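Encoded as C-alpha cells, the structure appears first; notes follow it.
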Amino acid sequence: MKERLQKLISRSGLMSRRQAEEKIRQGLVRIDERVATLGESADPQKEKVWVDGELLHFTTKTLTLMLNKPTGYICSMNDPQGRRLAIDLLPAAFGRLYSVGRLDYNTEGLLLLTNDGSLAQHLTHPSHHVSKTYLVKVRGALDGSASKKIESGIKLEDGVTAPASVSNVRISGKNCWFELTLREGRNRQVRRMCEAVGLPVVRLKRIALGGLCLEGLKSGMYRVLGDDELSDLKKMAGL
Ligand code: URA
C-alpha cells in the first residue's frame, strides 16, 4: 500500500516526519533510482526508499500494546513546549506507534498504542462505540441527581453526551470517587461532564478500554497484547 514518503520514513524510526520532509526537499531521498519530491507516496512492499544513501527497512510485524501512562506525559509525537512524551516510555526499537485516542497531560492510565494505522483509526471511529472506563475523583459529592444527569446526557458546547454509566460511588471526606463508562471519546470529556454538574475532577485514570483492563500494570510500564486480546479488539473495531 502506498504511503506518504515522509510518513513512511518516520515509521522506519530513522527520523521524524518533519526531518524527513527536509531531506525530501534537499533532494536526498530516492525511490528506487529516482530522486523523490515532496508530496510523493511510495509502496514499501514494491519500492526501495533511500535516505542519504541508506536503504530503509520497514517492520511489517504489527505491534499493539497498552501503556499505563503516568500523569505529566503528553500523547503526541512531539511537543513544542518540551513536555515529556508518553511514547518516550517505550523502546525506540518499536518504531512509530499511533495512540488509540488520547489521555490529557494530567490523566493517567490505559493508553493503547499500535503500529496498525487501520486498527487505530477503526477503534477511535465514533460508530464503533468502544467503551472506556475511568476512575474519577472529584471535589464534592456525586449525588443521585448529578449521577442521573451524567448517565442520561449532558449538554456540552459540542453537543449532548451519549448515555454513560456510573458505578462504585464512594464518598471520602470532601471528595468522591466513582467509575464512569463512556462509549464516545471527545476532548476532555470526563472533566467537562463533571464540571457541568459542579464537580471539578482532581484525579482521572482510565482503567479499561473495550475488553482490556489496566489491572496489574504498574505506572509507566507497558505490555504487548496477546493474540486473543488483539483479535477481540479487531472484532470490536469491525475488522
Ligand atoms: N476525559 C478527559 O477529560 N480526559 C482524558 O484524558 C480522557 C477522558
**Request:** Could you grab me the full set of residues in the stretch 3-38 that are of a type outside the set (S, T, N, Q), closer than 15 Å to H57 by Cβ and part of a loop (DSSP other than H, G, I, E, B)?
**Result:** G13, L14, M15
**Request:** Find the residue count for the stretch 11-52, including only residues that are closer than 19 Å to M1 by Cβ, in contact (Cβ under 8 Å) with a residue 60 or more places away in the chain and among the hydroxyl-bearing types (S, T, Y).
**Result:** 1
**Prompt:** Any idea which residue in the stretch 163-186 is nearest to L112 (Cα to Cα), counting only those that are within 13 Å of the ligand (Cβ to nearest atom) and at pLDDT below 95?
**Reply:** G185
**Request:** Considering (1) more than 16 Å from the chain's Cα centre (by Cα); (2) closer than 18 Å to L103 by Cβ; (3) within 12 Å of the ligand (Cβ to nearest atom), say which one L217 fails and leave the rest.
**Result:** (3)
**Request:** Might you let me know whether the stretch 100-120 holds any residue that is without any contact (Cβ under 8 Å) to a residue 24 or more places away in the chain, outside the structural domain of R11 (by TED's automatic domain parsing) and among the hydrophobic types (A, V, I, L, M, F, W, C)?
**Result:** yes
**Asked** Being in contact with a Phe, Trp or Tyr (Cβ under 6 Å, 6 or more places away or on another chain), β-branched (V, I, T) and closer than 23 Å to L217 by Cα, is that true of even one residue in the stretch 173-189?
**Response** no
**Prompt:** List pairs: first in the stretch 168-187 and under 16 Å from E151 (Cα atoms), second open to solvent by 70 Å² or more (accessible area, probe 1.4 Å) and in a loop (DSSP other than H, G, I, E, B), Cβ under 6 Å, 6+ apart or cross-chain?
**Reply:** R183/H129
**Message:** Of everything in the stretch 88-113, what is away from the ligand (no atom under 11 Å from the Cβ) and either farther than 23 Å from R191 by Cβ or over 11 Å from the mean Cα position of the chain (by Cα) (or both)? Give them in sequence order.
**Reply:** D88, L89, L90, P91, A92, A93, F94, G95, R96, L97, Y98
**Asked** Within the stretch 180-198, is even one residue open to solvent by 40 Å² or more (accessible area, probe 1.4 Å) and at positive phi?
**Response** yes
**Item:** Filter result (more than 16 Å from the ligand (Cβ to nearest atom), under 14 Å from E195 (Cβ atoms) and open to solvent by 60 Å² or more (accessible area, probe 1.4 Å)) within the stretch 132-162
**Value:** K149, K155
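The values are calculated or read from the model by the stated rules, or taken from the named source; none is laboratory data. Predicted model only: the values in this text are computed from it and were never measured. Neighbour counts are summed over all protein chains in view; Cβ atoms, including those assigned to glycine, are modelled from backbone coordinates with ideal geometry. Just the protein is used for accessible areas: all its heavy atoms, side chains included, with ligands, DNA and RNA removed. Shrake-Rupley method; radii C 1.70, N 1.55, O 1.52, S 1.80 Å.
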